[in-house]
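The values are calculated or read from the model by the stated rules, or taken from the named source; none is laboratory data. Please read these numbers as outputs of a predicted model, since none were measured by experiment. Here the Cβ positions follow ideal geometry from the backbone for every residue, glycine too, while neighbour counts run over all protein chains shown.
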Amino acid sequence: MCIHKLRYAALTAILFCLCCALAACGKSVTGTYTDPASGFTLELKSGGEATITFMGNSGPCTYKVDGNQVAVTCQGQAGGGVFTIQSDGSLAPPPGAPMPILKKTK
């Protein structure tokens, strides 16, 4: 009887650790997303800071992640909006935005 309780406790502990590890492995959106053909670059940094670059002109931004959405807010005319995280990790721009899908490069 005691051996069964020990096995059950060990299995429960292993499953608990596995669940915790999987929960901690969520994909991070931090990194650099680009489309070299159009000149767009979006760099998402830790702490919610970001930079958007178009044809060599950069602007400071902030961002927040909510599920598969990344809301980017930029100062001035730099752009921004709500990007959608695609299954391959790329960012789809807001509907109607004049920019292509941005692929993660770093």
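Tabulated data for the structure shown
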{"quantity": "Selection within the range 57-106 - of a type in the set (Phe, Trp, Tyr) and under 20 Å from PRO36 (Cβ atoms)", "calculated": "PHE83"}
{"quantity": "Filter result for the condition that a residue is modelled with pLDDT of 90 or more, more than 11 Å from the chain's Cα centre (by Cα) and of a type in the set (Gly, Ala, Ser), over GLY39, GLY89, GLY47, GLY79", "calculated": "GLY47"}
{"quantity": "Subset of the range 49-106 (residues that are acidic (Asp, Glu) and surrounded by 11 or more Cβ atoms within 10 Å (Cβ to Cβ))", "calculated": "GLU49"}
{"quantity": "First in the range 57-69 and assigned to a strand (DSSP E or B), second anywhere and acidic (Asp, Glu), Cβ under 7 Å, 6 or more apart", "calculated": "THR62/GLU49"}
{"quantity": "Pair list, Cβ < 7 Å and 6+ apart or interchain, from the range 92-106 residues that are free of Cβ contacts under 8 Å to residues at least 12 places away in the same chain and assigned to a strand (DSSP E or B) to residues that are among the aliphatic types (A, V, I, L, M) and surrounded by fewer than 17 Cβ atoms within 10 Å (Cβ to Cβ)", "calculated": "ALA92/ILE101"}
{"quantity": "Failed criterion for ASP66 (all others in (1) within 18 Å of LYS104 (Cβ to Cβ); (2) within 15 Å of the chain's Cα centre (by Cα) hold)", "calculated": "(1)"}
{"quantity": "Boolean, GLY47 is in a strand (DSSP E or B) and either touching a residue at least 12 places away in the same chain (Cβ under 8 Å) or on the phi > 0 side of the Ramachandran plot (or both)", "calculated": "no"}
